[in-house]
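What follows is one structure encoded as structure tokens, with my remarks underneath.
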Amino acid sequence: MQHHMINVLALIQVRAFARQDGFFLFLVWAASFLAVVNAPTSSWGSLLALSTPFFVGWRLVSFRNYALDGVISFRRALVYTFYTFFYASLLFAVAQFIYFRFFDGGQLIASVKGAIDQLAPAYEASGISVSQLQQSIGAIASLTPIELSFIFMMQNFFFGIIISFPIAAVCQRSKPNNYLR
């Protein structure tokens, strides 16, 4: 009975830290999204998005060192990263819904269409059908804000599940480091 109680308390602790860190990850994603929307030619949005695994790893190591005396199992690290991506994906979906519903007005799709038109010769030279890309963008443009937000949420969470395994593997630790003592 006591072992079961410890697992419940450990799960509560993991979820609490993951909620907090999921909020911080949401802020990174929101900044990335705003950079892509407002400055599509800048690389800041992509850099912020690409920082995701490193950011989550850094937060996991902080949790491990602060709350767990420098020791975390692979399983607990994996649960932490799953929850972190889950909470960030939910918050980001709400923010994207608000953006698509009240602020976008088709701006994002128009900029993607413009980029496809600009890069059409490069796509065709690579053997990519520009007309199929334009049809795909047309299909995306027909989605409602809630549908778009849901698709992005599922994509973000699925990406999070996949990337959680290497993050947990790299950040797990079975013995505390001496510098923490």
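The values are calculated or read from the model by the stated rules, or taken from the named source; none is laboratory data. Nothing here was measured: the structure is a model prediction, and the numbers come from that model. Neighbour counts are summed over all protein chains in view; Cβ atoms, including those assigned to glycine, are modelled from backbone coordinates with ideal geometry. All accessible areas refer to the heavy atoms of the entire protein, side chains included, with ligands and DNA or RNA removed. Shrake-Rupley method; radii C 1.70, N 1.55, O 1.52, S 1.80 Å.
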*Could you count how many residues in the stretch 10-68 are in contact (Cβ under 8 Å) with a residue 40 or more places away in the chain, out of contact with any Asp or Glu (no Cβ under 9 Å at 6 or more places or on another chain), crowded, with 18+ Cβ neighbours inside 10 Å and not hydroxyl-bearing (Ser, Thr, Tyr)?*
11
_Members of the stretch 121-153 found to be in a loop (DSSP other than H, G, I, E, B) and of a type in the set (A, V, I, L, M, F, W, C), listed by number_ = 128, 143
_What pairs come out if I take residues in the stretch 123-138 that are without any contact (Cβ under 8 Å) to a residue 60 or more places away in the chain and hydrophobic (A, V, I, L, M, F, W, C) and pair them with residues that are open to solvent by 60 Å² or more (accessible area, probe 1.4 Å) and not in a helix (DSSP H, G or I) whose C-beta lies under 9 Å away, six or more apart or interchain?_
130/119
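Yes or no, residue by residue, for (1) closer than 20 Å to residue 31 by Cα; (2) acidic (Asp, Glu); (3) surrounded by fewer than 16 Cβ atoms within 10 Å (Cβ to Cβ); (4) more than 17 Å from the chain's Cα centre (by Cα):
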residue: 70; (1), (2), (3), (4): no, no, no, yes
residue: 139; (1), (2), (3), (4): no, no, yes, yes
residue: 144; (1), (2), (3), (4): no, no, yes, yes
residue: 156; (1), (2), (3), (4): yes, no, no, no
*Exactly one of (1) under 28 Å from the mean Cα position of the chain (by Cα); (2) open to solvent by 60 Å² or more (accessible area, probe 1.4 Å); (3) of a type in the set (S, T, N, Q) is unmet by residue 131. Its number?*
(1)
*Going by the structure shown, is residue 116 open to solvent by less than 60 Å² (accessible area, probe 1.4 Å) and either at pLDDT 80 or above or part of a helix (DSSP H, G or I) (or both)?*
yes
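For the stretch 84-112, give me each residue that is of a type in the set (Phe, Trp, Tyr) and open to solvent by less than 60 Å² (accessible area, probe 1.4 Å).
Within the stretch 84-112, the subset of a type in the set (Phe, Trp, Tyr) is 85-87, 92, 97, 99-100, 102-103.
Answer for the stretch 84-112, where residues must be of a type in the set (Phe, Trp, Tyr) and open to solvent by less than 60 Å² (accessible area, probe 1.4 Å): 85, 87, 92, 99, 100.
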